[in-house]
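The block underneath contains the structure these notes are about, expressed in structure tokens.
The values are calculated or read from the model by the stated rules, or taken from the named source; none is laboratory data. Here the structure is a predicted model, which means the values were calculated and not measured. Please note: Cβ atoms are built from the backbone with ideal geometry, for glycine as well, and neighbour counts cover all protein chains shown.
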Amino acid sequence: MLAHDIIIRPLLTEKGYDGIADKKYTFVVAKSANKTAIKLAVEEVFGVKVKSVNTVNCKGKLKRMGRNEGYTPDYKKAIVQLTADSKTIEFFDSLS
């Protein structure tokens with residue numbers, strides 16, 4: 001897998017915004033990616049040093065539209081902690 005195939009998009013939530021000051025960034029990643037692959041992908045794409053990676057498999061929510069109901073897609077979330085001497089990710093700098 002290529003690095004851009006592993007990192008799908010950033011996950012921008014209130015809890016995610018709180019971690020930006022501590023160099024913790026949240027991404028939606030490929031379901032098949034493991035922690036080592038996520039670490040290498042973030043280091044390659046953003047040019048930073050990763051300290052640790054935590055992952056969470058998130059289940060889709062039940063949604064209804066009239067009498068029809070279904071689930072939103074499942075996804076995998078990765079919380080990436082950068083080292084203290086690493087530079088920040090520029091995309092998130094304008095958000096904090």
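From the list 51, 76, the one residue that fits, being in a strand (DSSP E or B), under 19 Å from residue 5 (Cβ atoms) and at pLDDT 95 or above, is 76. Taken over region 1-37, the residue count meeting the criterion of being of a type in the set (S, T, N, Q) and assigned to a loop (DSSP other than H, G, I, E, B) is 3.
Identify, from the list 18, 5, the residue that is of a type in the set (Asp, Glu) and either exposed (fewer than 12 other Cβ atoms within 10 Å of the Cβ) or touching a residue at least 60 places away in the same chain (Cβ under 8 Å) (or both).
Values: 5 fails: either exposed (fewer than 12 other Cβ atoms within 10 Å of the Cβ) or touching a residue at least 60 places away in the same chain (Cβ under 8 Å) (or both).
Exactly one of 18, 5 is of a type in the set (Asp, Glu) and either exposed (fewer than 12 other Cβ atoms within 10 Å of the Cβ) or touching a residue at least 60 places away in the same chain (Cβ under 8 Å) (or both), namely 18.
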